[in-house]
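> The structure that follows is given in the form of structure tokens.
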Amino acid sequence: MSDSRRKALFLDDDADILAAGGLALRRHGYDMTGAQTPDEARAHLADQTFDIILLDLNFRRGDTSGEAGLTFLEERKRVDPHTPIVVITGHSGLSIAVQAMRLGAEDFVVKPWHNDRLIATLNAAIEQPRVAPPPPPPVDLNLERSERELIREALNRHAFNISHAAKELGLTRAALYRRMEKHGL
């Protein structure tokens, strides 16, 4: 494999889609690894790095909610916010694709795709400059105050929805309630 070839992970439950995508990508300078389930994709991501991820949003026949794909997208953006993700969706999944972009996907391509559009979208997503995250704020060694502020900020971001704030903080609802009580929130 030449170092100049870009590496793409394509996650789609349909083997025919993966085969078609592989042909198009290889012709245009990509090495493609296919995965048919999120678990299979996670295994590939644990072993190697990719320049881009192509992500179908539905993994069960008849399921058009996009839930599994959106969950995978959120997970990947938490673990690795710098690897671009392009969503592949059917025409009826445009509203889900927009939701995916709000969650961090760089772009989307509609099935059936035109190879030129697919490649142009992938290239643009890879070449798009990534904004470096802002430097971390100065360290506050007062852990009580820091914890109180983190909880307050999470609650504000989620309009005081306890379930969402707890999920963001990695706490159970009960643990968040205890800490809110401890800090007088």
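> Calculate the dipole size of region 8-86 relative to its Cα centre from +1 charges on Lys and Arg beta carbons and -1 charges on Asp and Glu beta carbons; express the result in debye to the nearest 20.
I would put it at about 180 debye.
> Further question: How many Å³ per residue does the convex hull of the Cα positions in region 143-182 occupy?
Numbers: hull volume 2.2 nm³, N = 40.
Normalising the Cα hull of region 143-182 by residue number yields 55 Å³.
> Need one number: nm distance between label points at residue 101 and residue 51, each 7 Å from Cα along Cα→Cβ, rounded to one decimal.
2.3 nm
> Before anything else, pin down the relative contact order of region 6-127: Cα pairs under 8 Å, at least 6 apart, normalised by residue count, whole percent.
Once divided by the residue count of region 6-127, the mean separation gives 23 percent.
> I need the Debye-formula profile for the chain: one equal scatterer per C-alpha, no solvent, reported as log10 I(q)/I(0) at q = 0.15, 0.20 1/Å, two decimals.
-0.91, -1.32
> Please give the charge dipole size of the chain, origin at the Cα centre, charges +1 on K and R Cβ atoms and -1 on D and E Cβ atoms. Round to the nearest 20 debye.
Numbers: 24 positive and 27 negative charges, 95 e Å.
The calculation lands at about 460 debye.
> Please give the Cα centre distance for region 74-109 versus region 13-54, rounded to the nearest Å.
What the calculation gives is 15 Å, centre to centre.
> Within the chain, what is the number of lysine pairs with alpha carbons under 30 Å apart, leaving out pairs fewer than eight places apart on the same chain?
5
> Go through 38, 89, 66 and say which Cα lies farthest out towards the positive end of the charge dipole of the chain; charges sit on Cβ, +1 for Lys and Arg, -1 for Asp and Glu.
Value computed over the given set: 66.
> If you don't mind, another one. For the chain, what is the calculated [θ] at 222 nm in deg cm²/dmol (nearest 500), taking -39500 (n - 2.57) for each run of four or more DSSP H residues and dividing by its residue count?
On the way: 8 runs with 91 residues, N = 185.
Taking each H run of at least 4 residues, the total per residue is -15000 deg cm²/dmol.
> Mind giving me the nanometre distance, one decimal, between the label points for residue 167 and residue 79, set 7 Å out from Cα along Cα→Cβ?
1.8 nm
> Something else: Measuring from label point to label point, each 7 Å out along Cα→Cβ, what is the residue 40 to residue 175 span in nm?
3.4 nm
Taken together, the values in this text are just the output of simple stated rules run on the coordinates, not laboratory data. Only a predicted model underlies this, so the values are computations on that prediction, with no experimental measurement involved. Every residue, glycine as well, gets a Cβ built from its backbone with ideal geometry; the counts of neighbours run over all protein chains shown.
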